1. With every protein chain present, what accessible area does residue 405 have (1.4 Å probe, heavy atoms only), rounded to the nearest 10 Å²?
2. What ranking, highest mean first, results for peptides 122-131, 167-176 when packing means the other Cβ atoms within 10 Å averaged over each residue?
3. Name the residues whose placed amide hydrogens come within less than 5 Å of the amide hydrogen of residue 38, ignoring near sequence neighbours (fewer than 5 apart) on the same chain.
4. Once you order the gyration tensor axes a ≥ b ≥ c over the Cα atoms, which shape class does region 150-234 get: rounded for a/c under 1.5, otherwise prolate or oblate by comparing a/b with b/c?
5. Please compute the per residue accessible area over region 50-100 with all protein chains in place, 1.4 Å probe, rounded to a whole number of Å².
6. On the accessible surface of region 169-324, probed at 1.4 Å, how many percent belong to carbon and sulfur atoms?
7. Between rounded, prolate and oblate, where does region 301-416 land on the alpha carbon gyration tensor, with a ≥ b ≥ c its root eigenvalues, rounded for a/c under 1.5, else prolate if a/b exceeds b/c?
8. How would you rank 40-46, 243-249, highest first, on the average number of other Cβ atoms within 10 Å across their residues?
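The values are calculated or read from the model by the stated rules, or taken from the named source; none is laboratory data. As the structure is a computational prediction, the values presented were derived from the model and not from experiment. Quick reminder, even Gly has a Cβ in these numbers, built from the backbone with ideal geometry, and neighbours come from all protein chains shown. Accessible surface is based on the protein model in full, side chains and every heavy atom, while ligands, DNA and RNA are left aside. Shrake-Rupley method; radii C 1.70, N 1.55, O 1.52, S 1.80 Å.
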Amino acid sequence: MPSASDPKYRRGGPRVPLLPSQKFSAEEELREGGFDGASFSGAVFNLSTTVVGAGIMALPAIMKQLGLIPGLVMIVLGAALTESSIEMILRFSRASKSATYSGLVSDAFGGPGRTLLQLCIVVNNLGMLVVYMIIIGDVLSGTWSYGVQHSDSLRYTSALSVGLAIVFVAITAGVAVVKLIDGSIEMPRLMPELVDQASFWKLFTTIPVLVTAYICHHNIHPIENELKDPSQMKSIVRMSLALCSSVYIATSFFGFLLFGDQTLDDVLTNFDGDLGIPYSSLLDDVVRVSYGIHLMLVFPIVFFSLRLNLDGLLFPYAIPIAFDNRRFFSLTSALMGFIFVGANFVPSIWDAFQFTGATAAISVGFIFPAAIALRDTHGIATKNDRLVSWVMIFLAVSSSSAAICSDIYSIFSNEKEVGG
C-alpha cells in the first residue's frame with residue numbers, strides 16, 4: 001500500500017484509469033482474454049458519454065433564444081474551442097509528464113492552482129449531477145411544466161448510453177419531420193427576437209449552457225491512461241467531438257423545429273403531452289425513459305471525477321481514496337445526499353447551468369488550459385498557442401461576465417415586476 005507521505009500520489013497524481021484495474025493470475029488472464037488497454041472505440045464512447053449529459057436537453061432552448069442560424073454556429077464554435085483546449089492539455093501534459101489535469105495545473109501554478117482547479121471541477125460536477133437527478137426525477141414522477149470486471153468494461157455502458165441519446169434524437173427528428181410534412185408546424189425563427197433590453201441581455205445566458213455541454217476535460221487523462229496506444233488520444237478527442245456535435249446539432253434543430261417558441265428550458269419536459277401524431281403517448285414514454293436511463297449510465301463517470309477531486313481538496317496528503325474504504329464510503333454517501341437535496345431545491349436545470357457554466361465550467365474548459373499555455377513552463381508553446389489562448393480567455397471572461405450581469409439584471413427586473 002502506498003505511503004501517505006509519498007508525494008507522487010497527490011502532487012503529480014497517479015495514472016488513474018476510469019475504473020481500477022484488477023489483478024489476475026496467469027490462468028485467469030488466459031481464460032478471460034486479459035486486458036492490455038482500452039480500444040479506440042471504447043475510449044470514443046467513454047469520452048462521448050462524458051460530453052453528452054444533461055446539457056443536450058437545454059440546447060433547443062438555446063435555439064429559441066438565439067435563433068436557428070446563430071445557435072448552430074455557436075454549437076460548432078464551441079466544439080472547435082473545446083478541441084483546441086483539450087489539445088493544449090494533452091500536449092503540455094506530455095511535456096510536464098503529468099498524468100492528471102490537476103497535476104498539470106500544479107506543475108504550472110503550484111498548489112494554489114491545483115486547489116482552485118479541483119474546486120471548479122467539484123462545483124461543476126456537483127451542479128451537473130444535481131441536474132441529472134432533477135431530470136431523472138422528472139422522468140420517474142412527471143413534471144409540473146409541460147461477471148469479472150475489466151478496466152475497459154465502461155465501453156459497453158458508454159456505448160449504450162450514447163445509443164440511448166441517439167434514440168432520443170432519432171425520435172425527435174422523426175416526429176418533427178412527420179409534423180412538418182403534414183403542415184402542422186412552421187419553420188423556426190432563424191435569428192434572435194430582440195424586443196427590449198432584457199431580451200438582449202438574455203442572449204448571453206445561453207453561453208454557460210453551451211460551455212457546460214462540452215465539458216469533459218477532467219476525464220481526458222483517466223481515459224488516456226487506459227488506452228492501448230496513448231498517441232491515439234488526439235484522434236479520439238476529434239472523433240468524439242464530431243459525434244457529440246452531430247448529436248447536438250440534430251437535437252437543437254429538430255427540437256426547436258418541433259416545439260418552436262413553446263420550447264422549454266428542459267426540452268424533455270415538452271415530451272409530457274400530446275405530440276399531435278399517432279402513438280404520441282408511447283413515443284413520449286420512450287423518449288423520457290431512454291434519456292433517463294442514459295443519464296443513469298453517465299452519472300457514475302461524472303461522479304468518479306467529482307469524488308476524486310473533492311477527496312484531493314479535503315485530504316491532499318492522504319493515501320489515494322481507492323485504498324481507504326472508510327473515506328471512500330463516507331465521501332460517496334455525503335455527496336449523494338447533497339445531490340439529492342440539491343435536486344429538490346434547484347428550481348430548474350437552466351438555473352443550475354447558469355451558476356456552474358458561468359463560473360466553474362468555463363474555468364475548467366477554457367481559462368485553465370489557456371493559462372497553462374501562456375505560462376509555458378516547458379517552453380513548448382507556439383505563437384498560435386498564445387494567440388488562441390488569449391482569444392479563449394477573452395471570450396471566456398467576457399461571456400461569463402455578460403451572463404452573470406444578465407442573470408442579475410433578470411433578478412432585479414423580476415423584483416420590479418412583482419413590486420409593481
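1. Accessible area of residue 405: about 70 Å².
2. Packing proxy ranking, top to bottom: 122-131, 167-176.
3. Distant-sequence amide H within range of residue 38: 227, 228.
4. Taking the square roots of the gyration eigenvalues as a ≥ b ≥ c, region 150-234 is oblate.
5. 27
6. That share works out to 66 percent.
7. oblate
8. Top to bottom by mean Cβ count within 10 Å: 40-46, 243-249.
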